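The values are calculated or read from the model by the stated rules, or taken from the named source; none is laboratory data. Note that the structure is a prediction, hence the values are computed from the model and not measured. Positions of Cβ are backbone-derived with ideal geometry, glycine not excepted, and every protein chain shown enters the neighbour counts. We work out accessible area using only protein heavy atoms, side chains counted, and drop any ligands, DNA or RNA first. Shrake-Rupley method; radii C 1.70, N 1.55, O 1.52, S 1.80 Å.
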Amino acid sequence: MSEDRLIALLRGIARHPGARGLMDDAAVLAVPQGDLVLTHDMLVEGVHFQSDDAPADVAWKLVAVNMSDLAAKGATPLGVLTGVGMARDDDWNAAFVAGLGAALGHFGVPLLGGDTVRMPDGAPLTLGLTAIGRAPPGGVPQRGGARPGDDLWVSGTIGDAGLGLALRQRAARAPAALIAAYCRPQPRLLLGGALAPLVTAMMDVSDGLLIDASRMATASGCAVTIALDAVPLSAAARAFAGATLDARLAAATAGDDYVLLFAADPAAAAELAALAATHATMLTRVGTFAAGQGIKLTDGGVPVPLPAKLGYLHR
């Protein structure tokens, strides 16, 4: 497949006027007065997705991880720019573009432009996407806003995607819910927008609950203590891997969850409970911030040593 052919396929899903039919060097996006939120994430074959993952799933994940970043800022998506390292397989490229269109349609966000390149023989496929969003009216939550005395919360459940990936790598049979959590993460854009005025800090969990909570604490100049017995596990994870301390530690360090991690004043608990009911989701208090630095773990109130790895690190 030539680059011109791939761009022609992309034109079929880039229908927003700002994209200018992908015939220009840049997009033009008119926005109401206010701040823009911009984020960029990349997926690399063998690092973020497996060589035998379906191209539509890869496209979904590329969009979803960027939407998750916008959700963590309470932002409303306005458009995306994509960078596609083309595969040598024409059918793969075509299926990827079709999947990209489906994912963008699901999240209601237009493709505005980007770039395409042919990858060298033997090089891993590399894909990038820049997402542009409109900031929430009350301002954008930052990672570093937690204060001593704040509670640490997560949305949804932790560890499903890690189990799904491990089972995919072993070609083992697994519950569909665990495989779906790995292949098709579900960012919560509306939830992020609703949480934004109630939180003191917010980010998404991409590399693991423990390492991302540690990053929030460091950015906030605080210490954080996480209660492992409070880490929420799905019914599928409990049935497959149990709910022991080891299972919860594995879940809290696995990554790829793309749920929201946020700090809030304890006085906001009632509002958070009402919001969870409105959005039909689970919000779970998993820790507290205090003066100091570093991360501590407990189980049933008893201190637990830190694991060798808090989560995933690119090295």
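Observations, loosely collected:
- From the list P120, P137, P197, the one residue that fits, being open to solvent by 60 Å² or more (accessible area, probe 1.4 Å), more than 15 Å from the chain's Cα centre (by Cα) and at pLDDT 95 or above, is P197.
- Members of segment 292-315 found to be touching a Leu at 6+ places or on another chain (Cβ under 6 Å), assigned to a loop (DSSP other than H, G, I, E, B) and not hydrophobic (A, V, I, L, M, F, W, C), listed by number: P307, G311
- Scanning segment 257-283 for residues that are farther than 22 Å from G144 by Cβ and in contact with a helix residue (DSSP H, G or I) (Cβ under 8 Å, 6 or more places away or on another chain) turns up E271, L275, T278, H279, T281, M282.
- Where P305 falls short, out of the listed (1) surrounded by fewer than 19 Cβ atoms within 10 Å (Cβ to Cβ); (2) modelled with pLDDT under 95: (2)
- When Q186 is tested against the conditions (1) in contact with a Leu (Cβ under 6 Å, 6 or more places away or on another chain); (2) in a loop (DSSP other than H, G, I, E, B), the lone failure is (1).
- Neighbours by Cβ (under 7 Å, 6+ apart or cross-chain): first from segment 81-95, over 19 Å from T130 (Cα atoms) and without any contact (Cβ under 8 Å) to a residue 24 or more places away in the chain; second open to solvent by 40 Å² or more (accessible area, probe 1.4 Å) and in a helix (DSSP H, G or I): none
- Residue pairs meeting the criteria (Cβ under 6 Å; at least 6 apart or on separate chains; first among the hydroxyl-bearing types (S, T, Y), in segment 183-202; second open to solvent by less than 10 Å² (accessible area, probe 1.4 Å) and in a loop (DSSP other than H, G, I, E, B)): T200/A146; T200/D150
- Pair list, Cβ under 8 Å, 6 or more apart: segment 137-149 residue closer than 9 Å to G74 by Cβ, other residue open to solvent by 60 Å² or more (accessible area, probe 1.4 Å) and part of a loop (DSSP other than H, G, I, E, B): V140/D35
- Complete set of residues in segment 115-146 that are among the aliphatic types (A, V, I, L, M), within 18 Å of L6 (Cα to Cα) and not in a strand (DSSP E or B): M119, L125
- Checking A236 against (1) open to solvent by less than 50 Å² (accessible area, probe 1.4 Å); (2) among the hydrophobic types (A, V, I, L, M, F, W, C); (3) in a loop (DSSP other than H, G, I, E, B), the condition it does not meet: (3)
- Some residue of segment 206-216 being within 15 Å of A75 (Cβ to Cβ), open to solvent by less than 30 Å² (accessible area, probe 1.4 Å) and touching a strand residue (DSSP E or B) at 6+ places or on another chain (Cβ under 9 Å): no
- Some residue of segment 252-262 being in contact (Cβ under 8 Å) with a residue 12 or more places away in the chain, of a type in the set (A, V, I, L, M), over 18 Å from K73 (Cβ atoms) and surrounded by fewer than 21 Cβ atoms within 10 Å (Cβ to Cβ): no
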